[in-house]
Each structure stands twice: as C-alpha cells, then as structure tokens.
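Before any comments, here is the structure.
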Amino acid sequence: SMEALLIGVAHELNTPLGNALTTASNLQHQVDEFSQLLHSASVRRSQLDAFVAHCKLASDLMERNTARAAKLVSTFKQLAVDRNSLPRSQFGLAGAVDESVREVAQSVVQRHVHIRQLIASGIVLDSYREALTQVLTNLLQNSVVHAMCGDQALTIKLQADLGVLHDRPAVKLVVSDDGAGMEPEVAKRAFDPYFTTRLGQGGSGLGLYQVYNLVHSALGGTLTLDSSLGHGTRITMILPLSAPAATPDVPWASAAPP
C-alpha cells in the first residue's frame, strides 16, 4: 500500500507540475525574444499584442496547474490523520449525518438517488465531527459514483443504533446501497490507496482509503465492508461514543531503543 501511495502521489503531481514547468520555460523564451525586439527598436503593434496574449495564456495555464497541484497536496495531507489538529466536541449524530447528506444531495438533485436517514434519536458523541462528516460524505459520494447502474434508481440508507466496542459504549453506523455491488477481488482492495475501478473517469482511489484512515485513526472505530456483484454494498462502522484521546508525539530520542 505504501509503494502504491508513493507511486500515485508522484504520478498525480507530475502532470500539473510538468505542465507548469513547460509553460514557464516557454514563457521565458518568449520574454527573451521580446526583449531583443525592444532593443532593436522595431516593435510593431501586432507583435506587442501577440506577446501580451501569450503572457495571458501562459499565466492562466500556470495558475490552473499550480492550483491543481496545491489541491492534490492538500488531499495528500488529509491522508495522514493528526487528531491533535482536529477540533473535538460533543455533537448529535443525527445532525452530523444530515450535514453530510445535504452536501451530497445537492450534487444528485437531477438523478434518481434516494437517501434515507434512519438514525436513532438522542445519540451524542464526544468525538471529531469534522472527521465523521468527511467519512460519511466520502461514502455517500462513493455510492453515487460506483453503485449506480445507468439511469436506474439508487437508494442509500444510513442507519445507527447504540452498541458496544471493546466494552465501551459505541454506535453502530451502517451505510448501505442497493446498487451494482462489487466483485470479490474489488471488495478486497476497496480500501487500498489509489485502487479505483474508474481510472481516467474521475476516480482517484483515495476516497475509501481516507475513510479507513479516519475511522481507525481519528474516530477510534472499526470498519467492515460487505458486497457482492448485483446486490449492493454495506459498510458497517462501530465508533466509540467517546473517541480516544489524542496522544502527543514521542520524541525520537526517547522512543529509540537503548
């Protein structure tokens, strides 16, 4: 997984940074040529207009590619979960679920997607709401992207009930759909970084990997996936009502063996 992650990061960053570098090099060449024209005192209006147009195009290309690279770096940083940087609070589970549902529902308003919330009332967590809403949003978006079969309707259910995890109060949160489902070999690799069945079609292969990291590292829970081809997908999370406390980093000198 680490090898795949490193290769994926390098590949994803190489394209926008390579484009920006090529554009900058070409722009430098144009500037040098225009500088020679200025020293020759024979600059025509058409040459000036062409140079300005080229500068505008080059700056636009560099801005879009560097912005894309910055966005990728931001995504990669989210993969390394640091609980010390996440705000902790007490919040109602129903509200966090509704927030994620509303965010995804806006993007599927024209599609046959039905999202049902079956959340037991009164469930309160002392945890990391931002991490949980990111998990739910990723799972919902993953269902919409991968589970829909053409124009067929898709139903996604979110269910929650109180339970126990390692003898501690917890909530069992299930996100399921009645969509296309997964083949066994796909289900086994669903949480691997940069594994996607939609390569070149907008799939990054990081959504479920981020879900796995957040559930285990930030929320202190467990995660299981059940799916079969043609029978939908069911992801079950068991999350402690009180998330584990963040632990300070141990200095290398203290952690190293004698």
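The values are calculated or read from the model by the stated rules, or taken from the named source; none is laboratory data. All values derive from a computational prediction rather than experimental measurement. When we count neighbours, we look across all protein chains shown, and the Cβ atoms used for this are built from the backbone with ideal geometry, even at glycine.
Listed values, structure above:
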| item | result |
| --- | --- |
| Residue match in the range 92-104 (condition: buried (at least 17 other Cβ atoms within 10 Å of the Cβ) and part of a loop (DSSP other than H, G, I, E, B)) | no |
| Residue match in the range 184-207 (condition: among the β-branched types (Val, Ile, Thr), modelled with pLDDT of 80 or more and not in a helix (DSSP H, G or I)) | no |
| Filter result for the condition that a residue is part of a strand (DSSP E or B) and at pLDDT 90 or above, over 125, 140 | 125 |
| Close pairs from the range 152-164: first farther than 16 Å from residue 235 by Cα, partner loosely packed, with under 14 Cβ neighbours inside 10 Å and not aliphatic (A, V, I, L, M), Cβ under 6 Å, at least 6 apart | 153/112 |
| Residue count for the range 41-58, restricted to those that are within 14 Å of residue 23 (Cα to Cα) and among the hydroxyl-bearing types (Ser, Thr, Tyr) | 0 |
| Residues of the range 87-126 that turn out to be farther than 23 Å from residue 163 by Cβ and hydrophobic (A, V, I, L, M, F, W, C), as a count | 5 |
